[in-house]
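J.: Just passing along the structure, written as structure tokens.
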Amino acid sequence: MAGLNGQLSELKIESTYLAEMIPLSIYKPPHYTPLKSYRLLICQDGQDYFRLGRIPRQAEALMEEGDIEEVVIVGAPYPSVPTRRKWYHPEGEDAENYRRFLACELLPFLEQEISTEPLPEARILAGDSLAATVSLQTALEYPNIFGKVVLHSPFVSEQVLEQVNQFSNSDSLTIYHVIGLEETEVTLTNGDVADFLTPNRRLNKLLEQGPFSYTYYEFQGNHTWTYWQKDLPRALQTVLPLS
């Protein structure tokens with residue numbers, strides 16, 4: 001990504017939970033120094049957030065304008081479409097292991113490599129579609145570790161709704177949530193077509209009633225990065241406001 005003043009690098013982590021060597025994309029802001037602690041944003045579907053969402057460039061522009069806190073961004077990719085479903089889908093055979101990977105392997109690894117703030121509100125999970133779903137479920141399961149979530153058009157099942165409904169933790173959890181008005185016929189990777197808008201509106205009602213700091217928008221658009229990319233500045237300003 002030419003033109004960035006910050007630093008892009010690659011790391012690898014060997015996950016015991018997932019039995020996989022996982023490459024990570026790392027963005028460090030301009031003037032990064034280990035003498036300072038930074039907020040941490042971990043993106044599921046990491047390659048999409050870095051390449052299609054251009055999240056390092058968008059975050060850096062906001063930092064340069066003084067619109068958001070300085071942040072280190074980590075992109076965690078999936079190795080294949082079938083594995084993505086196993087890791088991210090609420091009923092995926094490795095979904096619980098993926099959530100454990102985020103909380104028990106990836107975060108400790110990153111804290112060894114990067115100077116980050118050791119507070120839940122300084123740790124953000126983000127994702128689109130199924131990647132948003134696993135980000136939300138992880139934050140609900142580990143609210144004392146991850147305090148903020150960015151949800152771009154999550155897949156919402158009855159299991160997800162029940163998990164939200166059962167959440168009663170006193171830890172503060174900040175959730176940013178968007179869905180497109182044209183997401184009534186979304187083609188899934190298996191060829192099926194699903195309505196995302198209606199379940200997301202049900203999720204919206206539950207989150208509004210729950211113990212969350214919650215922001216919700218519906219945008220004019222469909223289930224693609226054309227619209228999620230445009231939403232990123234607002235999402236970043238919501239979860240990374242200057243103190």
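J.: Would you kindly find the accessible area of residue 224, with a 1.4 Å probe and non-protein molecules such as ligands, DNA and RNA excluded, rounding to the nearest 10 Å²?
T.: Per-residue accessible area (residue 224): approximately 50 Å².
J.: Tally Lys/Arg at +1 and Asp/Glu at -1 over every other residue whose Cβ is under 10 Å from the Cβ of residue 18; what's the total?
T.: Summing Lys/Arg as +1 and Asp/Glu as -1 gives -2.
J.: Using helices alone, what [θ] at 222 nm do you get for the chain, with -39,500 (n - 2.57) per DSSP H run of 4 or more residues, divided over all residues and rounded to the nearest 500?
T.: Result for the chain, helices only: -9500 deg cm²/dmol.
J.: Taking only Cα atoms and a 10 Å spring cutoff, compute GNM fluctuations for the chain and point out the largest among 168, 25, 80.
T.: Per the Cα network of the chain with a 10 Å cutoff, 80 tops the list.
J.: Another question, then. Can you check what the net charge comes to around residue 178, using other residues whose Cβ is under 14 Å from the Cβ of residue 178 (Lys, Arg +1; Asp, Glu -1)?
T.: -2
J.: Let me ask something additional. So if I take the centroid of the Cα atoms in the range 129-154 and the same for the range 156-235, what is the distance between those two points in Å?
T.: Value for the Cα centre distance between the two parts: 11 Å.
J.: Still on this structure, please answer the following. Report the accessible area of residue 12, computed with a 1.4 Å probe over the heavy atoms of all protein chains in place, in Å² rounded to the nearest 10.
T.: Approximately 140 Å² for this residue.
J.: Would you list, by chain and number, the lysines whose Cα falls below 26 Å from the Cα of residue 230, excluding same-chain residues fewer than 8 positions away?
T.: Result set, ordered by chain and number: 28, 148, 205.
J.: For the chain, report the accessible area per residue in Å² (1.4 Å probe, heavy atoms, rounded to an integer).
T.: With the other protein chains kept in place, the chain gives 44 Å² per residue.
J.: Using a Gaussian network model of the chain whose springs link C-alpha atoms within less than 10 Å, name the residue from 160, 193, 72 with the highest mean-square fluctuation.
T.: Of the options given, 193 has the highest mean-square fluctuation.
J.: For the range 28-43, in order, what is each residue's ³J(HN,Hα) by Karplus, 6.51 cos²θ - 1.76 cosθ + 1.60 with θ = phi - 60°, in whole Hz (x at glycine and Pro)?
T.: Going residue by residue, I get 10, x, x, 6, 3, 9, x, 7, 10, 9, 10, 6, 10, 10, 10, 9 Hz, with x marking Gly and Pro.
J.: Okay, next question. To the nearest 20 Debye, how big is the dipole of the range 150-205 about its Cα centre, given +1 on the beta carbon of each Lys and Arg and -1 on that of each Asp and Glu?
T.: 220 debye
J.: Taking the Cα of residue 189, stepping 7 Å toward and past its beta carbon, and measuring to each backbone N in the range 102-146: which are under 16 Å?
T.: Only 127-135 fall inside the zone, counting backbone N under 16 Å.
J.: When the Karplus curve 6.51 cos²θ - 1.76 cosθ + 1.60 is applied with θ = phi - 60°, which whole-Hz ³J(HN,Hα) does each residue of the range 110-125 get, with x for Gly and Pro?
T.: 5, 5, 6, 8, 9, 7, 10, 6, x, 10, x, 5, 9, 10, 10, 10
J.: Further, regarding this structure: What shape does the chain have by the C-alpha gyration tensor, where a ≥ b ≥ c are the square roots of the eigenvalues, rounded means a/c under 1.5, and otherwise prolate means a/b greater than b/c and oblate the rest?
T.: Because its axes are fairly even, with a/c under 1.5, the chain counts as rounded.
J.: So what J values fall out for the range 44-52 if you push phi through Karplus, 6.51 cos²θ - 1.76 cosθ + 1.60 with θ = phi - 60°, rounded to Hz, Gly and Pro as x?
T.: Once θ is set to phi - 60°, the couplings for the range 44-52 become 6, 6, x, 5, 5, 5, 6, 8, 7 Hz.
J.: Anyone know which of 97, 190, 204 comes out most mobile in the 10 Å Cα GNM of the chain?
T.: 190
J.: For the range 147-243, what class follows from the C-alpha gyration tensor (a ≥ b ≥ c being the square roots of its eigenvalues): rounded when a/c is under 1.5, otherwise prolate if a/b is larger than b/c, else oblate?
T.: Oblate shape, in that a/c is at least 1.5 and b/c is the bigger or equal ratio.
J.: Just the number, please: carbon plus sulfur as a percent of the accessible area of the range 7-130, 1.4 Å probe, no ligands or DNA/RNA counted.
T.: Carbon plus sulfur share of accessible area: 45 percent.
J.: Scan the chain and hand back the longest stretch that contains none of the GluC sites (Glu not before Pro) lying in DSSP loops with at most 11 other Cβ atoms within 10 Å.
T.: Counting at most 11 other Cβ atoms within 10 Å as exposed, the longest clean stretch of the chain is 94-243.
J.: For a test of the definition: using alpha carbon positions, the gyration tensor, and the 1.5 limit on a/c, classify the range 1-90 as rounded, prolate or oblate.
T.: Prolate.
J.: Let me ask another. Can you pull the one-decimal nm distance between simple spin-label points at residue 242 and residue 14, each 7 Å off the Cα toward Cβ?
T.: My value for the distance between the label points is 4.5 nm.
The values are calculated or read from the model by the stated rules, or taken from the named source; none is laboratory data. Because the structure is predicted, anything quoted here is derived from the model rather than measured. Neighbour counts are summed over all protein chains in view; Cβ atoms, including those assigned to glycine, are modelled from backbone coordinates with ideal geometry. These accessible areas exclude ligands, DNA and RNA; they are computed on the full protein's heavy atoms, side chains included. Shrake-Rupley method; radii C 1.70, N 1.55, O 1.52, S 1.80 Å.
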